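What follows is calculated from the coordinates using simple rules that are stated; it is not laboratory data. Only a predicted model underlies this, so the values are computations on that prediction, with no experimental measurement involved. Note that each Cβ is placed from the backbone with ideal geometry, even for glycine, and that neighbours are counted across all protein chains shown.
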Number of protein chains: 2
Amino acid sequence: MALKKTLLEDIARELNVSKTLVSMVINGKGDSYGISKKTQEKVLSKAGEMQYTPNMFARALRTGKSNLIGLLVADISNPFYSNIAKYVEKALAEKGYNLMICSTDENIEREEKLIQLFAEQQIIDGLIIASTNTSGEFFKKERLRNFPIVFIDRYLPDIESNYVVANDYQGSFELTDLLIHKGCKNIVAFNITPSHISSLTERVRGFKDALHKYHLPFKESNLVEVSFNDIQNDVRKKLIALLKQSEKIDAIYTLNNNIATACLNVFNELAFDAKKEGIIFASFDDISLFDFVKPNIISVSQPLEQIGTEAANLALKLIDKKGAGTVEYEKIVLPTSIISRN
Amino acid sequence: MALKKTLLEDIARELNVSKTLVSMVINGKGDSYGISKKTQEKVLSKAGEMQYTPNMFARALRTGKSNLIGLLVADISNPFYSNIAKYVEKALAEKGYNLMICSTDENIEREEKLIQLFAEQQIIDGLIIASTNTSGEFFKKERLRNFPIVFIDRYLPDIESNYVVANDYQGSFELTDLLIHKGCKNIVAFNITPSHISSLTERVRGFKDALHKYHLPFKESNLVEVSFNDIQNDVRKKLIALLKQSEKIDAIYTLNNNIATACLNVFNELAFDAKKEGIIFASFDDISLFDFVKPNIISVSQPLEQIGTEAANLALKLIDKKGAGTVEYEKIVLPTSIISRN
DNA sequence: TAAAAAAACTAAACATATTTAGAAAAACGT
DNA sequence: ACGTTTTTCTAAATATGTTTAGTTTTTTTA
């Protein structure tokens with residue numbers, strides 16, 4: 001009735017050999033185990049004929065390897081992450097690995113639970129993660145210390161780790177520098193809070209340093225923080241207040257695409273024409289949306305394909321090297337580029 | 001050295017009971033197997049203390065259930081799919097299931113290979129798929145006939161199946177109807193080719209029927225086809241030709257968000273002001289981008305959250321019912337809504 | 001041609017759970 | 001106190017591969 005799957009044993013029985021032999025041949029170890037060419041061919045052709053595919057669970061159970069990589073991000077529907085995911089998947093597929101994607105919703109508990117489930121249990125062979133954690137404490141656990149983890153987008157400053165990130169500091173510095181060159185004297189940056197995330201603190205640092213370079217003062221009012229849980233409403237409230245205030249500002253700089261989109265929404269609602277009001281709009285993260293939007297947005301573009309590809313390859317490299325003594329961390333920092341739409 | 005994982009046996013040994021008993025209790029079957037309350041508590045507390053978590057592979061191997069659902073889409077970086085993915089994941093997480101996402105790049109071979117790998121091998125318990133296949137032939141295979149599959153976005157007309165799709169026909173009809181009411185007499189629709197995909201053929205049908213309703217002729221020139229593999233360039237070529245031609249058109253209607261974005265790019269390049277030229281721009285699929293773009297886009301919005309949630313729940317339902325005789329297919333068609341930006 | 005070496009293959013253990021069939025212990029009835 | 005039930009628990013089989021430690025067969029060497 002229910003079509004039975006072909007097992008190693010079935011092939012072995014058909015050919016009157018042991019399943020050990022079949023397993024060896026199927027795994028391409030026929031030569032190294034000294035199985036004769038003729039036998040190898042017989043096995044392979046019979047396996048093809050019987051449409052044999054090994055049971056991943058049995059294999060993973062025995063070998064402790066699943067050929068699965070986990071990708072943990074805040075929100076897979078954020079184009080930043082979904083684009084990275086696409087390239088991660090592509091790079092992994094080339095090496096016979098598959099991807100499990102999970103969203104954490106920037107929820108530390110959920111993140112930790114998922115890591116526990118997948119990484120500590122060795123369901124995945126490696127983890128690529130944009131961690132939302134405030135510290136590296138969790139990752140110091142004995143069970144994780146030796147697990148292949150690649151941080152992307154953000155790293156945790158208090159632990160040594162492998163990571164692939166954009167040069168947030170440099171990108172933010174250059175963008176701010178450009179704004180100043182365009183004559184801006186009172187730039188207001190919008191950040192999200194809690195803002196412990198490294199990519200954001202780096203961007204803030206770049207922003208401040210660029211101001212400092214040109215002897216522009218940094219006041220409290222140059223940095224607005226909006227709450228992650230309610231970005232749209234918080235942005236609306238604070239942006240409107242900002243536009244109403246007497247002190248004139250000449251640039252708004254959002255520190256990620258979420259805040260940018262929220263601001264654009266408010267502009268839309270208010271039919272606010274930033275250009276006409278002499279306000280330059282700039283943002284970290286370049287999303288395709290920005291190509292079409294008024295006002296023209298000056299943005300810092302991150303190399304998504306490269307981030308995804310490098311992260312995948314680094315993860316695979318760590319898996320290969322696993323256990324091989326050397327614990328040298330790879331810290332890959334990729335250059336960003338300014339997209340200056342005129 | 002390498003921290004050993006806690007096994008069922010370890011708990012059993014500590015408590016001087018059999019691992020059978022431990023397994024039963026861990027799986028919440030203590031009562032039905034008549035394990036005394038006291039023993040159950042002992043086991044549970046010891047398991048917590050020893051941080052036991054069952055090995056998914058051993059469990060899946062034995063039970064044939066992995067609590068994994070596969071999601072196969074053309075391109076996870078397409079916001080349409082990444083949004084659906086988000087809601088699918090959310091609905092599954094609530095029921096203790098996890099998601100494996102793979103992109104097929106609209107490549108039939110890759111799609112079939114992935115299905116073979118995951119579904120036929122029973123690595124996943126169920127599959128949610130936006131199939132790129134031209135026919136249902138592949139899904140008729142004995143090994144798949146009884147496998148829980150939910151088609152989303154597109155269904156295959158030549159086979160019976162479970163699916164969750166938007167009402168493409170209705171949405172397209174209403175949109176076209178609206179355009180006509182706005183005075184359009186020569187609407188050009190942009191489709192991608194090969195266009196065997198059900199959602200697209202339905203949209204074309206809705207378009208034609210609406211024209212017909214108002215006795216507007218449908219000519220070859222009312223439907224432009226662009227190749228999926230090179231959307232941007234093909235759109236550029238054909239859109240430019242269209243805008244140059246002598247015959248005046250009064251609306252452009254793109255049949256999905258990819259084509260829409262490509263068109264907008266061309267408008268941008270040419271600094272073409274559709275509104276000024278008396279052309280209304282409309283598109284199937286509503287993406288957040290459209291909120292910000294000039295010209296104002298009239299669009300058909302699909303209920304992404306609902307599609308994702310219903311698909312996930314239907315998949316779980318099929319898994320539950322598996323083997324339970326009744327083969328009644330669920331065909332869920334969800335209403336779309338017109339977003340008419342003025 | 002017998003002993004040694006090399007080549008080709010296999011039985012059994014193992015990875016870690018779940019489940020079936022049945023055993024031991026406790027409680028009950030008389 | 002002894003057989004019968006009922007309650008509680010367990011040994012062994014199973015799921016499907018990989019790997020270790022041999023064994024058998026063939027070839028080579030003296």
Check: Could you state the principal axis extents of the C-alpha atoms in region A:187-342, from the largest down, to the nearest angstrom?
Finding: 62, 33, 31
Check: Starting at 0 and stepping by 5 Å, how many percent of the alpha carbon pairs of region B:26-105 end up in each bin?
Finding: 3, 12, 15, 14, 15, 13, 9, 7, 6, 4, 1, 0
Next item on the list: Only residues of region A:140-175 count here: report those whose backbone N is under 16 Å from the spot 7 Å along Cα→Cβ of B:GLN51, or say none.
Entry: A:140-148
Next item on the list: Multiply the residue gap between B:LYS294 and B:GLN116 by 0.36 nm, knock off their C-alpha separation, and tell me the result in nm, one decimal place.
Entry: 59.6 nm
Check: In the P(r) worked out for region B:56-215, what percent of Cα pairs fall beyond 30 Å?
Finding: 26
Note to self: Rg/Rh for region B:101-194 to two decimals, with Rh computed the Kirkwood way over all alpha-carbon pairs.
What the structure shows: 1.11
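Tell me what the protein assembly as shown gives for mean residue ellipticity at 222 nm when only DSSP H runs of n ≥ 4 count, each as -39,500 (n - 2.57), the sum divided by the residue total, rounded to 500 deg cm²/dmol. Intermediate values should be presented prior to the final figure.
Details: 24 runs with 282 residues, N = 684.
Calculated from helices alone, the mean residue ellipticity at 222 nm is -12500 deg cm²/dmol.
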Note to self: Run the simple label-point estimate for A:THR134 and B:ASN268 please: 7 Å along Cα→C-beta, distance reported in nm.
What the structure shows: 3.9
Note to self: Could you tell me the calculated FRET efficiency between A:SER246 and B:ASN186, based on Cβ-Cβ distance and R0 = 51 angstrom, to the nearest 0.05?
What the structure shows: 0.45
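Which net charge results for the neighbourhood of A:VAL333, defined as the other residues with beta-carbon distances under 13 angstrom from its beta-carbon, given Lys and Arg at +1 and Asp and Glu at -1?
Working: positive: A:ARG154, A:LYS331; negative: A:ASP153, A:ASP168, A:GLU202, A:GLU310, A:GLU330.
Local net charge: -3.
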Notebook entry, point to check: When Cβ neighbours within 10 Å are restricted to other protein chains, what is their mean count per residue of peptide B:84-91?
Noted result: 3
Check: Nm distances between the label at B:TYR329 and the same-position labels in the remaining copies, 7 Å along Cα→Cβ, shortest first?
Finding: 5.4
Next item on the list: For region A:258-335, restrict the atom set to alpha-carbon positions and state the Rg and Dmax in Å.
Entry: 19.7, 61
Next item on the list: Would you mind computing, in nm to one decimal, how far apart the modelled labels at A:LYS90 and B:THR20 are, each placed 7 Å from Cα along Cα→Cβ?
Entry: 5.4
Next item on the list: Using only atoms on other chains, find how many Cβ atoms lie within 10 Å of each Cβ of peptide A:75-82 and report the average.
Entry: 6
Item checked: region A:4-123: relative contact order as a whole-number percent, Cα under 8 Å and 6+ apart -> 21
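Hey, what's the Cα Rg ratio for region B:239-285 versus the globular rule of thumb, 2.2 N^0.38 Å? Walk me through the intermediate numbers first.
Details: Rg = 10.3 Å, N = 47, 2.2 N^0.38 = 9.5 Å.
It is 1.08.
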Notebook entry, point to check: Can you pull out the trypsin sites (Lys or Arg not before Pro) in region A:116-171 that DSSP calls coil and that have at most 16 other Cβ atoms within 10 Å?
Noted result: A:LYS141
Notebook entry, point to check: If you average 1/r over every pair of different alpha-carbon atoms in the protein assembly as shown and take one over that average, what Kirkwood value in Å do you get?
Noted result: 28.0
Check: How far apart are the B:HIS196 label points across copies, placing each 7 Å from Cα toward Cβ, in nm, shortest first?
Finding: 5.4
Margin query: Under 16 Å between alpha carbons, and skipping anything fewer than 8 positions from A:LYS238 in its own chain: which lysines qualify?
Written below: A:LYS248
Notebook entry, point to check: aspartates and glutamates within cross-link reach of A:LYS219: Cα-Cα under 16 Å, excluding same-chain residues under 8 positions apart?
Noted result: A:ASP209, A:GLU247, A:ASP250
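Hey, what's the per residue convex hull volume over the C-alpha atoms of region A:7-141, in cubic angstrom?
Taking the convex hull of the Cα positions in region A:7-141, it is 134 Å³ per residue.
How do B:PHE228, B:PHE207 line up, fewest other C-beta atoms within 10 Å first?
Working: B:PHE228 18, B:PHE207 26.
Taking fewest neighbouring Cβ atoms as first place, the list is B:PHE228, B:PHE207.
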Next item on the list: Please report the Cα spread of region B:183-258 along all three principal axes, rounded to whole Å, starting with the longest.
Entry: 35, 32, 19
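Subtracting the Cα-Cα distance from 0.36 nm times the residue separation, let me have the gained length for A:SER221 to A:THR193 in nm, one decimal.
Result: 8.6 nm gained on full extension.
For chain B, divide the Cα radius of gyration by the Kirkwood radius and give the resulting Rg/Rh value with two decimals.
Working: Rg = 25.8 Å, Rh = 22.9 Å.
Checking Rg against Rh, the ratio lands at 1.13.
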Item checked: Estimated FRET transfer efficiency (B:ALA58, B:SER337; beta-carbon r; R0 41 Å; 0.05) -> 0.30
Notebook entry, point to check: Which whole DSSP H helices in chain A pass both tests: a Cα extent of 27 Å or more along the axis and a mean Kyte-Doolittle value no lower than -0.5?
Noted result: none
Check: In this model, which of A:LYS86/A:LYS185; A:LYS322/B:LYS317; A:LYS140/B:LYS37; B:LYS42/B:LYS65 are farther than 32 Å apart at the alpha-carbon?
Finding: A:LYS86/A:LYS185; A:LYS322/B:LYS317; A:LYS140/B:LYS37
Check: Mind checking the mean number of beta-carbon atoms from other chains within 10 Å of the Cβ atoms in A:289-295?
Finding: 5
Item checked: 7 Å along Cα→Cβ, label-point gaps from B:GLN232 to other copies, nm, shortest first -> 3.0
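Report the equivalent ellipsoid semi-axes for region B:151-194 in whole Å, largest first, defined as the square roots of five times the eigenvalues of the gyration tensor built from alpha carbon atoms.
28, 13, 7
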